[in-house]
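Student: Okay, handing you the structure first.
What follows is calculated from the coordinates using simple rules that are stated; it is not laboratory data. Being a predicted model, the structure only gives us computed values, none of them experimental. Counting neighbours? That spans all protein chains shown, and the Cβs are built from the backbone with ideal geometry, glycine included.
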Amino acid sequence: MRIKIAGHDHEILGFDQEHRPNLMGRYEPDNNIIRIKEGMALSAKKETLTHEALHAMLTHSGVSVDEDGKVEMEEVVVAVASGLFQLGLSEVLWNQQEDK
Ligand SMILES: [Zn+2]
């Protein structure tokens, strides 16, 4: 499976991570691969894909980190909003408020 995040193709693959059982997913920025743990419930896979897509989105947007490891809230919001829009999730949000 492939999805476009921030204009870049990303390949979605599985993995079977026995030595780190709590790891549900992984983003590999060097080759634009997202890995999602096998054998989880579909809802957990969907949440993990969202989590890893956010890692990819923020990496591609170049959000900067200061020496304390902190990032500017506005930078994060701009990057996440732009990324969610590009993923088509703004439509979901917009339609929710139109239904009310
Ligand atoms: Zn993470």
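Student: Enumerate the amide H contacts of residue 13 below 5 Å, restricted to partners 5 or more residues apart or on another chain; note that Pro and chain-start residues carry no placed amide H.
Tutor: Placed amide hydrogens put 34, 35, 36 under 5 Å from residue 13.
Student: Checking understanding here: applying a Kyte-Doolittle mean of at least -0.5 and a length along the axis of at least 15 Å (C-alpha), which whole DSSP H helices in the chain pass?
Tutor: 42-61, 73-86
Student: Quickly rank 18-25, 7-14 as a protection proxy: mean count of other C-beta atoms within 10 Å, highest first.
Tutor: 7-14, 18-25
Student: Please state the charge dipole magnitude for the chain, taken about the Cα centre, from unit charges on C-beta atoms (+1 on K and R, -1 on D and E), reported in debye and rounded to the nearest 20.
Tutor: 420
Student: Another question, if that's okay. Using just the Cα positions, wrap the chain in a convex hull and report its mean projected area in square nanometres, one decimal place.
Tutor: 8.3
Student: For the stretch 2-95, what is the relative contact order in percent, using Cα pairs closer than 8 Å and at least 6 residues apart in sequence?
Tutor: Computed over the stretch 2-95, the figure is 25 percent.
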